């Protein structure tokens with residue numbers, strides 16, 4: 001059986017659980033990290049020496065790092081919709097995955113969500129936060145332009161391209177921050193909400209993380 005380790009409030013774990021449900025996989029979810037602990041146990045470190053979630057064990061195949069896990073699950077179980085044998089198709093999808101990880105995620109998840117929401121008010125660096133909010137405005141305006149002629153990032157159906165960036169939408173639209181008018185992004189967000197897996201794993205209250213800097 002496929003086993004997935006990670007706390008449900010973990011942004012990166014949510015990506016994996018979302019895809020697992022999109023693929024209708026039979027899996028066991030073991031909450032780990034944060035208040036659940038367990039990341040420094042010898043058993044966990046034997047799977048991931050970095051001591052981070054998510055981690056999966058698929059009948060003896062252990063994979064860590066969220067995007068490596070997404071690619072693995074898509075390649076093994078998601079042929080056609082979530083994985084293509086055409087390198088050109090895969091490259092377009094993976095470019096959006098890498099962009100989300102190297103541009104959007106550092107600016108939003110670290111620069112805004114961590115620096116603003118997860119940092120106690122007295123310790124916030126408002127100049128840095130405002131700069132990252134402005135960068136996020138640019139990112140979401142870019143997404144808005146891309147989504148002006150398509151329902152999903154790479155075309156007419158959901159793909160791996162939508163998962164890393166799409167996981168950020170719930171927190172982005174729920175935070176009390178300044179946001180641009182991005183009607184196409186909001187329409188994309190509504191389409192993602194039509195997926196039960198998205199509502200189950202991504203649209204989760206995150207009050208437990210307010211002012212909490214520990215992983």
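The values are calculated or read from the model by the stated rules, or taken from the named source; none is laboratory data. As the structure is a computational prediction, the values presented were derived from the model and not from experiment. Cβ coordinates were reconstructed from backbone atoms using ideal geometry, including for glycine residues, and neighbour counts include every protein chain displayed.
Key figures for this structure:
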{"item": "Filter result for residue 213 (more than 27 Å from residue 156 (Cβ to Cβ), surrounded by fewer than 12 Cβ atoms within 10 Å (Cβ to Cβ) and not assigned by TED's automatic domain parsing to the domain that holds residue 133)", "result": "yes"}
{"item": "Residues being in a strand (DSSP E or B), at pLDDT 95 or above and surrounded by fewer than 14 Cβ atoms within 10 Å (Cβ to Cβ) - total across segment 63-93", "result": "0"}
{"item": "Contacts under 7 angstrom Cβ, first residue in segment 80-108 being farther than 16 Å from residue 70 by Cα, partner assigned to a loop (DSSP other than H, G, I, E, B) and at pLDDT 95 or above, 6 or more apart", "result": "104/168; 108/168"}
{"item": "Failed item in (1) under 25 Å from residue 180 (Cβ atoms); (2) more than 15 Å from the chain's Cα centre (by Cα); (3) surrounded by fewer than 16 Cβ atoms within 10 Å (Cβ to Cβ), with residue 115 passing the rest", "result": "(3)"}
{"item": "Qualifying residues in segment 21-56 (those that are part of a helix (DSSP H, G or I) and free of Cβ contacts under 8 Å to residues at least 60 places away in the same chain) - the one surrounded by the most Cβ atoms within 10 Å (Cβ to Cβ)", "result": "44"}
{"item": "So residue 60, is it over 16 Å from the mean Cα position of the chain (by Cα), surrounded by 17 or more Cβ atoms within 10 Å (Cβ to Cβ) and not assigned by TED's automatic domain parsing to the domain that holds residue 154", "result": "no"}
{"item": "Selected residue [touching a residue at least 40 places away in the same chain (Cβ under 8 Å), over 24 Å from residue 10 (Cα atoms) and in a helix (DSSP H, G or I)] from 142, 147", "result": "147"}
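Conditions (1) in contact with a helix residue (DSSP H, G or I) (Cβ under 8 Å, 6 or more places away or on another chain); (2) surrounded by 16 or more Cβ atoms within 10 Å (Cβ to Cβ), marked per residue:
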position	(1), (2)
182	yes, yes
190	no, no
193	yes, no
198	yes, yes
209	yes, yes
